[in-house]
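Q: Sharing a structure here in C-alpha cells format.
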Amino acid sequence: MIKRFIVICITIIGSVTFAQQGTGSPYSFYGIGSLKFKGTVENRSMGGIGVYLDSIHVNLKNPAAYAGKNLETYPFDGESRPVKFAVAGTMSDVTLKSNSGEAETNSTIFDYIAISVPVGKFGFGFGLMPYTSVGYRLNDINDDDILVNRYTGEGGVNRVFAGLGYQINDNWSVGLDFNYNFGNIQNTALQIEYTSEGNVVQYQTREFNRSDLSGVNFNFGVAYKTMINDKFELSATATYAPGSKLSSENVRTFSTVSLDATTFEVSRIFQTIDAVLADESLEKTDLNLPSRLSFGAGIGEPKSWFVGAEYAFQNTSDFSNPVFPNDNSTFENASQVSIGGFYIPDYNAFSGYYKRVVYRAGFNFGNTGLVVKNESIKEFGISFGLGLPVGNRNLFSNANLGLELGRRGTTNQNLIQENFVNFNVSLSLNSRWFQQKKYN
C-alpha cells in the first residue's frame with residue numbers, strides 16, 4: 001500500500017512539474033521550440049538507441065516493446081501480471097558561447113511518466129512527456145553596443161500517449177502509439193528606442209504573441225528478436241510516424257510600456273491593443289509536424305552485454321510557421337546516428353552488488369534540421385550511465401543515472417554554440433500489482 005501511495009505521489013508531482021518545463025537554448029526561438037528526446041534514461045545513456053527491447057524497462061521509442069514475454073524469470077502465476085512504471089527528470093547546465101563572450105544557463109525538468117501493462121500477447125502503455133520546449137532570452141545589440149531589441153519566449157508542447165503492442169510469435173512484435181499533443185508558446189518582442197542624447201525613450205512598444213497548440217499523431221513500430229546461436233541474440237527494430245498537423249489558435253497584442261532605466265525590464269503597462277489576425281488569415285493556422293523514420297539493429301548476449309546502432313530521418317524541410325516567419329532561418333531534413341550498448345558483469349550474482357549493476361555508454365551525432373544564416377545546426381553527444389538495482393533483487397527494479405556531454409550549434413556567422421551537460425535520473429519499477437490474494 002505504501003509503495004502504491006509513493007508512486008501516485010510521484011505521478012501527481014511530475015504532472016504538475018510538466019507545466020513548468022523549460023530550456024535555455026536560444027535555438028528554441030525557431031519553429032515550435034527545441035525537440036525533446038523521446039526515450040528513457042536507459043536509452044539516452046546508450047547514445048539514444050532504442051533497438052534493445054527487454055522485459056524489465058519501459059521503452060518509449062518503439063510501441064512494439066509493450067508486447068512480448070515479460071519477466072521470463074519472474075515467479076508469477078497466471079493470476080498476476082508484472083507492471084512496469086518509469087519516471088525521470090533531467091538537470092541541464094549549458095554554456096552559451098559566441099564570438100563576443102560566454103553565458104551560463106541551467107534548468108531542471110521532468111522528462112516522462114509512463115506505465116506499461118502486459119496482458120497475454122498484448123501490452124498497453126500510457127504516459128506523459130514533453131515534445132518541444134521553448135525558453136530563450138535574446139538581446140539584439142548594434143555596432144555601438146547599444147541594446148535595440150529584446151526577444152523572450154517560453155512554453156512548449158506536451159504529449160500524452162497511449163499505445164498497444166502485440167506479440168505475433170516468439171520473434172516478431174508490432175505496436176502503435178496514439179499521441180495527443182497540446183501546449184502553448186508565448187513570444188515577446190520589445191523594441192528599445194533612444195533619444196538623440198542617448199537616453200531611453202519614456203514609452204516603448206511591446207509585441208506579444210501566444211499560440212495555443214493541439215493535435216494528434218501516430219507512431220508505428222515493429223521489433224524482431226532471435227537467437228542466432230546458443231549464445232548470441234540479434235535484435236532489429238523500425239518505427240515510422242506519418243506527418244500530421246498541429247492546430248494553432250493565435251493571439252497578438254501591442255502594448256505601450258515603460259522600462260526600468262537600469263535593467264530594461266518592463267516596469268509599467270499603459271495600453272494594450274489586440275491585433276486583428278483574422279484579416280491576415282492568421283487567427284487559426286495549421287502547422288505541419290514532419291514524418292519520422294528510424295531503424296536499428298544490434299547483437300548481444302542476453303543479460304550480459306549488448307551493442308547496437310540506430311539511424312533516424314525526419315522530414316523537417318516541410319515545416320513552416322506562418323505566424324512567426326523569420327528571414328534568417330529555414331528548415332532542412334534532419335537525421336541522426338546513434339551507437340551504444342551496455343554491460344552487466346554478472347546478472348545472477350548473489351554477492352557483490354556492483355556485479356549486477358548495468359554499465360551503459362554511447363554517442364550520437366546528427367543534423368537538427370534547423371538552418372540559421374545558411375549554417376546547418378548540428379549536434380553531437382556522448383553519454384554514460386548506470387542501472388542500479390534497488391529493493392528485492394527478484395523485483396527487477398532499478399534507479400538509473402545518466403550523464404550526457406555534448407555540443408549544439410556553431411559560432412560561425414555570429415551564431416551561438418551550446419556546450420551542454422545533462423544529468424538524468426529515473427526510477428524503473430516492476431511489481432505484481434494485480435495478483436489475486438488466495439488467503440485472508
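The values are calculated or read from the model by the stated rules, or taken from the named source; none is laboratory data. These numbers were taken from a predicted model, which means no experiment stands behind them. Positions of Cβ are generated from backbone atoms using ideal geometry, with glycine treated the same way; all protein chains shown enter the neighbour counts. All accessible areas refer to the heavy atoms of the entire protein, side chains included, with ligands and DNA or RNA removed. Shrake-Rupley method; radii C 1.70, N 1.55, O 1.52, S 1.80 Å.
Q: Out of the residues in the stretch 321-366 that are out of contact with any strand residue (DSSP E or B) (no Cβ under 7 Å at 6 or more places or on another chain) and farther than 30 Å from residue 389 by Cβ, state the one that is surrounded by the fewest Cβ atoms within 10 Å (Cβ to Cβ).
A: 327
Q: Hey, among the residues in the stretch 136-171 that are assigned to a strand (DSSP E or B) and on the phi > 0 side of the Ramachandran plot, which one's least open to solvent (accessible area, probe 1.4 Å)?
A: Checking each candidate, the answer is 156.
Q: I'd like to know if the stretch 226-248 contains one or more residues that are part of a loop (DSSP other than H, G, I, E, B), of a type in the set (Val, Ile, Thr) and either under 30 Å from residue 304 (Cβ atoms) or open to solvent by less than 90 Å² (accessible area, probe 1.4 Å) (or both).
A: Yes, the stretch 226-248 has at least one match.
Q: Sort out which residues of the stretch 82-103 are modelled with pLDDT under 90, touching a strand residue (DSSP E or B) at 6+ places or on another chain (Cβ under 8 Å) and surrounded by fewer than 14 Cβ atoms within 10 Å (Cβ to Cβ), and write them in order of number.
A: 102, 103
Q: Against the definition (of a type in the set (Phe, Trp, Tyr), open to solvent by 60 Å² or more (accessible area, probe 1.4 Å), under 30 Å from residue 224 (Cβ atoms) and modelled with pLDDT of 90 or more), how does residue 254 come out, yes or no?
A: Spelling it out, it is not the case that residue 254 is of a type in the set (Phe, Trp, Tyr), open to solvent by 60 Å² or more (accessible area, probe 1.4 Å), under 30 Å from residue 224 (Cβ atoms) and modelled with pLDDT of 90 or more.
Q: Please determine whether any residue of the stretch 391-398 is open to solvent by 60 Å² or more (accessible area, probe 1.4 Å), under 23 Å from the mean Cα position of the chain (by Cα) and in contact (Cβ under 8 Å) with a residue 24 or more places away in the chain.
A: no
Q: I'm checking my understanding of the structure. Among residues of the stretch 173-208 that are aromatic (Phe, Trp, Tyr) and at pLDDT below 95, which one is most open to solvent (accessible area, probe 1.4 Å)?
A: Only one residue fits best here, namely 203.
Q: Looking at 219, 209, can you tell me which residue is out of contact with any Pro (no Cβ under 7 Å at 6 or more places or on another chain), in contact (Cβ under 8 Å) with a residue 40 or more places away in the chain, within 23 Å of residue 130 (Cβ to Cβ) and in a strand (DSSP E or B)?
A: The conditions single out 209.
Here's the yes/no breakdown for (1) touching a strand residue (DSSP E or B) at 6+ places or on another chain (Cβ under 6 Å); (2) assigned to a helix (DSSP H, G or I); (3) at pLDDT below 90; (4) crowded, with 22+ Cβ neighbours inside 10 Å:
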{"residue": "31", "(1), (2), (3), (4)": "no, no, yes, yes"}
{"residue": "50", "(1), (2), (3), (4)": "no, no, no, yes"}
{"residue": "61", "(1), (2), (3), (4)": "no, no, no, yes"}
{"residue": "64", "(1), (2), (3), (4)": "yes, yes, no, yes"}
{"residue": "71", "(1), (2), (3), (4)": "yes, no, yes, no"}
{"residue": "74", "(1), (2), (3), (4)": "yes, no, yes, no"}
{"residue": "77", "(1), (2), (3), (4)": "no, no, yes, no"}
{"residue": "80", "(1), (2), (3), (4)": "yes, no, yes, no"}
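Rundown of residues vs (1) touching a residue at least 12 places away in the same chain (Cβ under 8 Å); (2) of a type in the set (Ser, Thr, Tyr), yes/no style:
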residue	(1), (2)
133	yes, yes
148	yes, no
160	yes, no
165	yes, no
169	no, no
175	yes, no
186	yes, no
191	yes, no
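Q: Here's a follow-up. Report yes if some residue within the stretch 275-291 is among the acidic types (Asp, Glu), open to solvent by 80 Å² or more (accessible area, probe 1.4 Å) and touching a residue at least 40 places away in the same chain (Cβ under 8 Å); otherwise report no.
A: Yes, because at least one residue in the stretch 275-291 is among the acidic types (Asp, Glu), open to solvent by 80 Å² or more (accessible area, probe 1.4 Å) and touching a residue at least 40 places away in the same chain (Cβ under 8 Å).
Q: Every residue in the stretch 118-127 that is part of a strand (DSSP E or B) and open to solvent by 30 Å² or more (accessible area, probe 1.4 Å), please.
A: The answer is 119, 122, 124, 126.
Q: List, please: which pairs have Cβ atoms under 6 Å, are six or more places apart or on different chains, and start with a residue in the stretch 342-354 that is within 21 Å of residue 401 (Cα to Cα) and end with one that is part of a strand (DSSP E or B)?
A: 342/306; 342/358; 342/360; 343/305; 343/359; 344/358
Results for (1) surrounded by 14 or more Cβ atoms within 10 Å (Cβ to Cβ); (2) part of a helix (DSSP H, G or I); (3) modelled with pLDDT of 85 or more, shown as yes or no for each residue.
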| site | (1), (2), (3) |
| --- | --- |
| 378 | yes, no, yes |
| 384 | yes, no, yes |
| 424 | yes, no, yes |
| 431 | yes, no, no |
| 434 | no, no, no |
